[in-house]
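Coordinate-derived values only; no laboratory data. Only a predicted model underlies this, so the values are computations on that prediction, with no experimental measurement involved. Virtual Cβ from ideal backbone geometry, glycine too; neighbours counted across all protein chains shown.
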Amino acid sequence: MSTIELEAVSRWYGNVVAVNGITMSIGPGVTGLLGPNGAGKSTLIALMSGFLSPSAGSVTLDGTALWRHTEAYRTIGLVPEREISFDYLTGRQFVLANAELHGLPDPGAAAQRALEIVDMVEPAARRIGTYSKGMRQRVKLASALVHDPSVLLLDEPFNGVDPRQRLHLMALLQRFGAEGRTVLFSSHILEEVEQVARQIEVVVSGRHAASGDFGEIRRLMTDRPVQYVVVSSDDRRLASALIGEPSVVAVALRPEIGGRRGVDVSVSDLGSFAVQLPRLARDCGVRLLELTPTDESLESVFAYLVGR
Amino acid sequence: MTVLNPTILRLSAQALLGRRRGLVLMLIPGLVLVLAVVVRALTEEGVGYDIVSEVGYTLALPIVALLAASAVLGPEIDDGSIVYLIAKPVPRHAVAVSKYVVAWLATVALGAFPLFLAGVVLDASEPGRAVAWGFASLVSGTAYTALFLGLAALTRHAVVIGLLYVLLWEGLLGALLTGIRWLAIGPWGLQVGSAISDAVDEPGTGLTYALLAALVVTAGSVWFAGDRLRSFTLRGDE
């Protein structure tokens, strides 16, 4: 059982702040590091894997600072986002080399075991240059697993992996988590993180925006004010009825474009609004023609979390 | 074994020979030897020795060292894949030394030894001359390889900077300003060669200085490469 602690960690490059005052603790089980692209996820993983020195604060593994501490790799398995470019090696040669570098007593057996876990025994005889993206990803995972690490760090492990292999990878991560390993993976897709991670840490623009189990994060993300455009048979009438609803924060008539107007609606409670809107329309005899969310992008969800 | 890592040695050798760079690396000594054989066939014994002293020693040898040193480290640092090799409980200095040993063996086999052979071909009557050039190449090749390895650990433009060093600093400026002999690897090797045979011109730094300077550059550069690896920073694509 291992824990990675980040204590008021900042990292900047010149004037650019990549990570800003983050304190978090990554313990056993699967943790998802969620955030839009460019939020600092890769920077955090580099800090946690000893491949970046913090500009301020400390990053420790079970109390030992990670920067310039190669012995930590006995505990850590790292799957970087970076491709393996050892195209001239076979999958098995590559995993075997990793086992040897760890100084394992029986590197051959360790490589075989790791290849079995990721289901790559058969293609392991081929050169890495011939592999698909998903196979490369699994060989990377095998190379990180070869020494049976208690900490596993994965940077965007599901990127470019086909759906079937994605499910396989997700099941593997869950299994590692259940075995008591500390597993952390990064992703910019909420659904992906929800499926695998028990604990979710949200990072936006280098800041720690939210932390909790997926239920809490989901609630944070759905309970925010949401913007909709409603087009109906009588917009003014619908608007006047909408403002009477407790879940509605603001209503505005849109300027007429091509004979259609529409109503901008700000909703604070998505759940009850979804239930009330059809009832409301029926009660005032208005026909609903369109209902479109206007800011469902993940970035706006994250922006809300940061501004909170 | 803490100084050398057999796995890094093996992977570095594969990286050196398994890519196109390996072919170029063999082409250079091949050209020098072909040139030596052709010139010897057409001229008297000992006439075309410039092939060893001018083409071989001042050009082929440092370029072989440059290609070998950058091949074992450069591509892996450039594309970040070295992270797979060093996310391991292996001292980074051992990684640097192991990579150095592979590049050094390549420089000796494809840089220094072919020069000795070319010397024998061109003037079989005086083998001492070829031996002197062989030792001169061994000493400077040892230091060149280390310097260029340090350069490859420092910057992704190592090949360009290395070429500038060889052509401008040692080549052009070295010919114009004699003082550069104190700060250039080539003359240190020549000094050693001149101690073996009078046929090698003495640059005038003294044998002790030459050997000491080569040793300092070699040890310092390999240590520097290891230190750069200790501070290797993984930068995301973001």
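Brief remarks on what is shown
- The aspartates and glutamates whose alpha-carbon is closer than 15 Å to the alpha-carbon of A:K140, local same-chain residues fewer than 8 away aside, are A:E81, A:E83, A:D87, A:E116, A:D119, A:D148, A:D155, A:E156.
- Binned Cα-Cα distances of the protein assembly as shown, short to long, each 20 Å bin given as a whole percent: 19, 37, 26, 13, 5, 1
- Computed [θ] at 222 nm, deg cm²/dmol, chain A (DSSP H ≥ 4; -39,500 (n - 2.57); rounded to nearest 500): -10500 deg cm²/dmol
- Ellipticity estimate at 222 nm from DSSP helix runs (n ≥ 4, -39,500 (n - 2.57)) divided over chain B, nearest 500: -21500 deg cm²/dmol
- Nitroxide proxy distance, nm - points 7 Å out along Cα→Cβ at A:D283 and B:T208: 10.4 nm
- For segment A:190-205, putting each phi into the Karplus relation 6.51 cos²θ - 1.76 cosθ + 1.60 with θ = phi - 60° gives couplings of 4, 4, 4, 5, 4, 5, 10, 8, 7, 10, 10, 10, 9, 10, 9, 6 Hz, in residue order, rounded to whole numbers and with x for Gly and Pro.
- Cβ crowding within 10 Å, taken as a proxy for footprinting-reagent exposure, orders A:E216, A:E245 from fewest neighbours to most as A:E216, A:E245.
- Between 0 and 90 degrees, the angle of helix B:92-107 with respect to the longest Cα principal axis of chain B falls at about 30 degrees.
- Amide H contacts of A:V204 (H built 1.01 Å from N, in plane; Pro and chain starts excluded): A:A209 sit under 5 Å, all sequence-distant by 5 or more or on other chains.
- Computed over segment B:6-230, the ratio Rg/Rh where both radii use C-alpha atoms and Rh is Kirkwood: 0.99
- Seen against the Cα atoms of chain A and their longest principal axis, helix A:163-178 is set at about 70 degrees.
- With a Förster radius of 41 Å applied to the C-beta separation of A:N159 and B:L42, the computed FRET efficiency comes to 0.10.
- R0 of 56 Å, Cβ-Cβ distance A:N37-B:L105: FRET efficiency to nearest 0.05: 0.80
- Helix B:185-196 axis, angle to chain B major axis (alpha carbon atoms, nearest 10°): 50 degrees
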